[in-house]
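Asks: Structure below; questions to follow.
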Amino acid sequence: MSTPAPVDRPTTYAIIGAGNNGTALARTFARAAIACSIANSRGPDSLRPLVDELGDTIVAKSLEAALDADIVVLAIPFAAVEDFAQIPYDWSGKIVIDATNAHGVTVEYMAGRLSSDIVADVLSGALVVKAFNYLPAYVLARDPSQNGGHRVMFIAGNHEEANATVVALAERLGFAPILLGRIDEGGRLVHIPGPLVLHNLVEYPLNAEHLWNQMLTRYPMEGPRTLVLAKVMSAAGAIVGAKGNSWTKSAIRCDPRERPS
Ligand SMILES: NC(=O)c1ccc[n+]([C@@H]2O[C@H](COP(=O)([O-])OP(=O)(O)OC[C@H]3O[C@@H](n4cnc5c(N)ncnc54)[C@H](OP(=O)(O)O)[C@@H]3O)[C@@H](O)[C@H]2O)c1
């Protein structure tokens, strides 16, 4: 049974799988200076060159030891998930970020199911959140913060708290997370061959003054009413933006000097 990290210690992370995708993720954690362990099927000694290259934040562990982390990122071939799940472990309440894709299995095996739903079935009790799965590893490995913009990371999951935790992690890693909702809803868009798969999008802050002027053109107002509306919008932006509405969120992210006052 997984329990939340005590308040007096930071959340711990582990990446399971140290191939293309797992290594790309480990680079991203290392760049953001977020401590993380990494494990593969062959044991920590085989990961020595990788962790030596990535520095102190990334630590090689055995699979069993890596599973102690509060949040586990699954970056192994989808076809290996059932084999991986043979490790005796109680997944109840554990946040598992599913970075796998349904390659290497038959249509009969999938039986119309979504890969992350299968992962959730196999790791019974885990709070599965789909993320870090739909970009090529060489793109994922690059710095997600570029020229004032942030690489978008689509996230989907059926558990609100787990989703929020992964959104916060993606933000700390430098991404612009966009929550798509449940796996059987927005998650379909990033389930191969969904329409968002392989789309390397970067979010740049909107110019809030421009938006504000557009709105005033559309709904002309004068004097105190304008000021009141600006304050209401600002407050609503803080609330709605926190819930992930993209334009208010972008307005909030933008240079404070550009916000409506
Ligand atoms: N490659 C990409 O560009 C990319 C992009 C997005 C998503 N993905 C997804 O990410 C996942 C991994 O892809 P990849 O390209 O990184 O694969 P990969 O290069 O073949 O690496 C697979 C990793 O998984 C480990 N592994 C395999 N079976 C395992 C098991 N039973 N228990 C523990 N570890 C196990 C392997 O360990 P050993 O080497 O010790 O066997 C290896 O470190 C796949 O589901 C893929 O669809 C890949």
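The values are calculated or read from the model by the stated rules, or taken from the named source; none is laboratory data. These numbers come from a predicted model, not from an experiment. Cβ coordinates were reconstructed from backbone atoms using ideal geometry, including for glycine residues, and neighbour counts include every protein chain displayed.
Asks: List pairs: first in segment 143-163 and over 29 Å from ALA120 (Cα atoms) and outside any helix (DSSP H, G or I), second hydroxyl-bearing (Ser, Thr, Tyr) and at pLDDT 95 or above, Cβ under 6 Å, 6+ apart or cross-chain?
Replies: none
Asks: Could you check, for segment 81-96, whether at least one of its residues is of a type outside the set (Ser, Thr, Tyr), under 19 Å from the mean Cα position of the chain (by Cα), buried (at least 22 other Cβ atoms within 10 Å of the Cβ) and assigned by TED's automatic domain parsing to the domain that holds GLY181?
Replies: yes
Asks: Do you know which of the residues in segment 7-20 that are among the aliphatic types (A, V, I, L, M) and either surrounded by fewer than 18 Cβ atoms within 10 Å (Cβ to Cβ) or more than 17 Å from the chain's Cα centre (by Cα) (or both) is farthest from the ligand (Cβ to nearest atom)?
Replies: VAL7
Asks: Separate question: Please state which of the following conditions THR23 fails to meet, knowing it meets all the rest: (1) touching an Asp or Glu at 6+ places or on another chain (Cβ under 9 Å); (2) modelled with pLDDT of 95 or more; (3) of a type in the set (Ser, Thr, Tyr); (4) buried (at least 16 other Cβ atoms within 10 Å of the Cβ).
Replies: Result: THR23 passes all but (1).
Asks: Still on this structure, please answer the following. Among the numbered criteria (1) surrounded by fewer than 18 Cβ atoms within 10 Å (Cβ to Cβ); (2) more than 17 Å from ASP98 (Cβ to Cβ); (3) among the small types (Gly, Ala, Ser), which single criterion is violated by ALA30?
Replies: So the condition that ALA30 fails would be (1).
Asks: Taking segment 69-119 as the region of interest, how many residues are more than 10 Å from the ligand (Cβ to nearest atom) and charged (D, E, K, R)?
Replies: Going through segment 69-119 one residue at a time, the tally reaches 6.
Asks: Contact list please: Cβ distance under 8 Å, first residue in segment 62-80 and surrounded by 15 or more Cβ atoms within 10 Å (Cβ to Cβ), second residue charged (D, E, K, R) and part of a strand (DSSP E or B), pairs at least six apart or on different chains.
Replies: Taking only residues 6 or more apart or on different chains, the pairs are LEU74/ASP98.
Asks: Could you tell me whether any residue of segment 155-163 is modelled with pLDDT of 95 or more and either β-branched (Val, Ile, Thr) or not assigned by TED's automatic domain parsing to the domain that holds VAL119 (or both)?
Replies: Within segment 155-163, one or more residues are modelled with pLDDT of 95 or more and either β-branched (Val, Ile, Thr) or not assigned by TED's automatic domain parsing to the domain that holds VAL119 (or both).
Asks: Would you confirm, using the coordinates I've provided, whether GLU82 is of a type in the set (D, E, K, R) and closer than 27 Å to GLU203 by Cα?
Replies: No: the conditions fail for GLU82.
Asks: Determine the pairs where a residue that is of a type outside the set (A, V, I, L, M, F, W, C), located within segment 31-58, has a partner that is within 15 Å of the ligand (Cβ to nearest atom) and part of a strand (DSSP E or B) with Cβ atoms under 6 Å apart, the partner being 6 or more residues away or on another chain.
Replies: What qualifies is SER37/ALA14; PRO44/ALA60.
Asks: Which residues, taken from segment 98-124, are loosely packed, with under 13 Cβ neighbours inside 10 Å and part of a loop (DSSP other than H, G, I, E, B)?
Replies: HIS103, GLY104, THR106, ALA111, GLY112, SER124
Asks: OK, next. Can you name every residue in segment 120-146 that is modelled with pLDDT of 95 or more, of a type in the set (S, T, N, Q) and away from the ligand (no atom under 12 Å from the Cβ)?
Replies: SER124 - this is the single residue of segment 120-146 that is modelled with pLDDT of 95 or more, of a type in the set (S, T, N, Q) and away from the ligand (no atom under 12 Å from the Cβ).
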